[in-house]
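The values are calculated or read from the model by the stated rules, or taken from the named source; none is laboratory data. Not measured: the values here are computed from a predicted model. Note that each Cβ is placed from the backbone with ideal geometry, even for glycine, and that neighbours are counted across all protein chains shown.
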Amino acid sequence: MMSRYLRLGVNIDHVATIRNARGGRHPDPVRAARTAAGAGADGITAHLREDRRHISDGDIDRLSREIDLPLNLEMAATGEMLAIALRHGPHAACLVPEKRKEVTTEGGLDVVSGFDHLAPYVKSLGDAGIRVSLFVDPDEAQLGAASEIGAAVVELHTGVYCDAPAGAEREAAFERLAAAAAAAERLGLECHAGHGLTFESVAAVAAIPTIVELNIGHFLVGEAIFSGLDSAIKRMRALMDRSRAEAGGARSA
Ligand code: PXP
């Protein structure tokens with residue numbers, strides 16, 4: 001099968017984490033977004049959390065006005081975040097679960113049991129022309145509910161795969177990702193993936209042909225300390241492209 005172009009969304013949350021460690025303006029996540037654009041990113045992703053621990057309202061405002069790449073706003077399904085999304089009109093909104101004390105997004109959304117809560121958010125965002133994505137674990141029941149609720153996109157949580165030790169556990173986690181990506185295609189859902197991806201784990205995920213976008217943040221910002229953000233993103237981009245080409249696709253946007 002000729003696989004599709006694989007987009008890279010660069011998540012700049014942790015540039016803001018470093019900035020916030022001291023307050024002030026440095027390092028600037030908007031500058032990171034510009035660097036990402038120059039290094040081959042296809043989109044910018046930012047998570048405005050309820051506690052504003054990294055990205056701020058002002059960052060979302062500037063990213064919306066100053067960056068040419070499409071903005072993917074990660075957000076919890078709350079009234080406050082919906083109002084912010086409708087005010088800025090990002091290209092896409094990815095609904096994620098949010099627990100106040102978690103260090104990062106721990107698991108996917110439970111679309112099956114949260115269906116009635118999530119449905120009006122999916123509708124309001126979609127009606128405003130924002131492409132709605134649901135961050136889910138690679139689980140067919142969740143994908144079925146995502147399709148039924150009217151989401152355009154699912155983003156598969158790759159954290160379990162990335163954290164699994166090499167061997168049977170990792171292979172099983174990979175099989176769940178591949179099966180979920182195939183199920184998304186059957187259900188007519190655009191399939192993205194992300195969380196915890198590194199230079200080492202990206203190749204296998206990039207080779208899954210029905211995934212069309214990867215969102216990667218923490219590793220790239222960490223790697224930027226050693227090699228620079230531009231170089232880290234270019235290397236990630238090259239690994240994605242090589243893996244996809246070897247899996248049978250051509251790079252054509
Ligand atoms: N996708 C979603 C929905 C996320 O919540 C995150 C983390 O903010 C990512 C992708 C990126 O994960 P990481 O920072 O581990 O690359």
Fill in: Total residues in region 76-94, condition more than 14 Å from Asn215 (Cα to Cα) and within 10 Å of the ligand (Cβ to nearest atom)
0
Worksheet entry | Ala179 being among the hydrophobic types (A, V, I, L, M, F, W, C), surrounded by fewer than 17 Cβ atoms within 10 Å (Cβ to Cβ), within 23 Å of Val136 (Cβ to Cβ) and modelled with pLDDT of 95 or more | yes
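Let's see how each residue does on (1) within 11 Å of the ligand (Cβ to nearest atom); (2) closer than 23 Å to Val202 by Cα; (3) surrounded by 22 or more Cβ atoms within 10 Å (Cβ to Cβ):
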position: Ile12; (1), (2), (3): yes, yes, yes
position: Thr17; (1), (2), (3): yes, no, no
position: Arg22; (1), (2), (3): no, no, no
position: Ala33; (1), (2), (3): no, yes, yes
position: Ala36; (1), (2), (3): no, yes, yes
position: Ile44; (1), (2), (3): no, yes, yes
position: His47; (1), (2), (3): yes, yes, yes
position: Arg53; (1), (2), (3): no, no, no
position: Ser56; (1), (2), (3): no, no, no
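Results for (1) part of a loop (DSSP other than H, G, I, E, B); (2) farther than 20 Å from Ala33 by Cα; (3) acidic (Asp, Glu); (4) in contact with a His (Cβ under 8 Å, 6 or more places away or on another chain), shown as yes or no for each residue.
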| site | (1), (2), (3), (4) |
| --- | --- |
| Ala166 | yes, yes, no, no |
| Arg170 | no, yes, no, no |
| Ala204 | no, yes, no, no |
| Asp230 | no, no, yes, no |
| Met240 | no, no, no, no |
Response to the item:
Reported set for region 151-174 where residues are more than 10 Å from the ligand (Cβ to nearest atom) and within 19 Å of the chain's Cα centre (by Cα) is Ala151, Ala152, Val153, Val154, Val160, Tyr161, Asp163, Ala173, Phe174
Practice prompt. Examine region 51-58 for a residue that is of a type in the set (D, E, K, R), within 18 Å of Leu86 (Cα to Cα) and in a helix (DSSP H, G or I), and state whether such a residue exists.
Written response: yes
Worksheet item: For region 218-238, does any single residue satisfy the condition of being under 29 Å from Val112 (Cβ atoms), within 14 Å of the ligand (Cβ to nearest atom) and surrounded by fewer than 23 Cβ atoms within 10 Å (Cβ to Cβ)?
Response: yes
